[in-house]
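To start, the structure under review is shown below, and the notes come after it.
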Amino acid sequence: TPADLIWPLFVTEGQGVEDPIASLPGVSWWSVDGIVSRAKEAVSLGIPCLALFPNTQPDRRSEDGKEALNPDNLMCRAIRAIKDACGDDIGVLTDVALDPYTSHGQDGLIDDAGYVLNDATVAALVGQSLNQAAAGADIIAPSDMMDGRIAAIRDALEDAAHVNVQIMSYAAKYASAIYGPFRDAVGSRGLLKGDKKTYQMDPANAEEALREVEMDLAEGADSVMVKPGLPYLDIAIRVKQAFGVPVFAYQVSGEYAMIEAAVAAGAADRDAMVLETLVAFKRAGCSGVLTYHAAHAARLMGA
Ligand code: PBG
């Protein structure tokens, strides 16, 4: 049902802006006012939650990604505007990682050799999480894959009296070739040198996913995510069976783009593919799915 869906949206600067994202046909960057309209649309469709990502202007990106800590950054302005307009009618899930803010496109702080530093990054992620929670985020979703960040973020949220803010951990996140269009959408594709394999997982390794999930749950995650989606359904069901906690799947940007490319080539029926792929996540035990097709799917479900 539409209640199973989380709708990822990309925020950009300006007023009245809707800018199509070429590698994600049908998905646009929206300025904050447009994001508020999408939030109202989600409420009317019965979609309970949005996932927000910023397209940070190049002149606000830096080596240390400190724009992530700015209380007036694009994300915080979007969160506040949604909450002002819709209150508790919609949940706001916010991505925690530095890649939309760094000049090098990595999710964390790097040393001179470009190596991503785990512990220094965790401190920055704690600041980013508190910034988003203060703006009104309901669910903090760390997508950075640093070790130990869930415990650090949970402690900081408790200390700051954000006791009801949830954490949905991107616990089993693979170093995947299927994130390309997303990197266009947050403006990091051209900046990223190398890859994210020192912190995201090896696609050949299933056991590590269970260890990552176990750690994040022990550290205080309320729910966990498996990412990408369909090619990793085996991981989703194993996590569900091993831990019995709410498991979410992210049908990522490249999966969306593959469906749209197949439709554009006349090789597939969009509506049937959208519904069948979403049902597959539910069959595998997922509590919900992040999908760029959320609004379309909700309408297909008769919302
Ligand atoms: C980065 C992040 C990524 C996605 C969500 N958060 C990309 C990456 O790790 O490079 C991918 C989502 C998608 O492809 O739709 N913190």
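Here are the numbers for this structure:
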read-out	value
Residue in segment 194-216 that is of a type in the set (Ser, Thr, Tyr) and in contact with a helix residue (DSSP H, G or I) (Cβ under 8 Å, 6 or more places away or on another chain) present	yes
Pairs where the first residue, in segment 236-249, is of a type in the set (Gly, Ala, Ser) and the second is in a helix (DSSP H, G or I), C-beta under 6 Å, 6+ apart	Ala242/Leu210; Ala249/Ala236; Ala249/Phe281
Total residues in segment 89-111, condition more than 15 Å from the ligand (Cβ to nearest atom) and aliphatic (A, V, I, L, M)	2
Answer from Leu5, Leu74 - the residue that is closer than 29 Å to Thr121 by Cα, under 18 Å from the mean Cα position of the chain (by Cα) and open to solvent by less than 60 Å² (accessible area, probe 1.4 Å)	Leu74
Identity of the residue in segment 113-141, within 19 Å of Arg183 (Cβ to Cβ) and either open to solvent by 30 Å² or more (accessible area, probe 1.4 Å) or outside any helix (DSSP H, G or I) (or both), that ends up nearest to the ligand (Cβ to nearest atom)	Ala141
Segment 145-171 - residue that is in contact with a Gly (Cβ under 7 Å, 6 or more places away or on another chain) and farther than 17 Å from Leu290 by Cα and, of those, surrounded by the fewest Cβ atoms within 10 Å (Cβ to Cβ)	Ala151
Residues satisfying the stated conditions in segment 278-289, i.e. within 16 Å of the ligand (Cβ to nearest atom) and either among the basic types (Lys, Arg) or in contact with a Gly (Cβ under 8 Å, 6 or more places away or on another chain) (or both)	Phe281, Val289
Within segment 166-269, helices (runs of 4 or more DSSP H) holding 3 or more residues that are more than 10 Å from the ligand (Cβ to nearest atom) and closer than 25 Å to Ala152 by Cβ	207-218, 233-243
Contacts under 8 angstrom Cβ, first residue in segment 169-192 being of a type in the set (Asp, Glu), partner more than 8 Å from the ligand (Cβ to nearest atom), 6 or more apart	Asp184/Ile21; Asp184/Ala22; Asp184/Ser23; Asp184/Leu24
Candidate set: segment 83-112, residues that are outside any loop (DSSP other than H, G, I, E, B) and in contact with a Gly (Cβ under 6 Å, 6 or more places away or on another chain); chosen: the one least open to solvent (accessible area, probe 1.4 Å)	Thr102
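The values are calculated or read from the model by the stated rules, or taken from the named source; none is laboratory data. Not measured: the values here are computed from a predicted model. Reconstructed Cβ throughout: ideal geometry from the backbone, glycine too, with neighbour counts over all protein chains shown. For accessibility, only protein heavy atoms count, side chains too; no ligands or nucleic acids. Shrake-Rupley method; radii C 1.70, N 1.55, O 1.52, S 1.80 Å.
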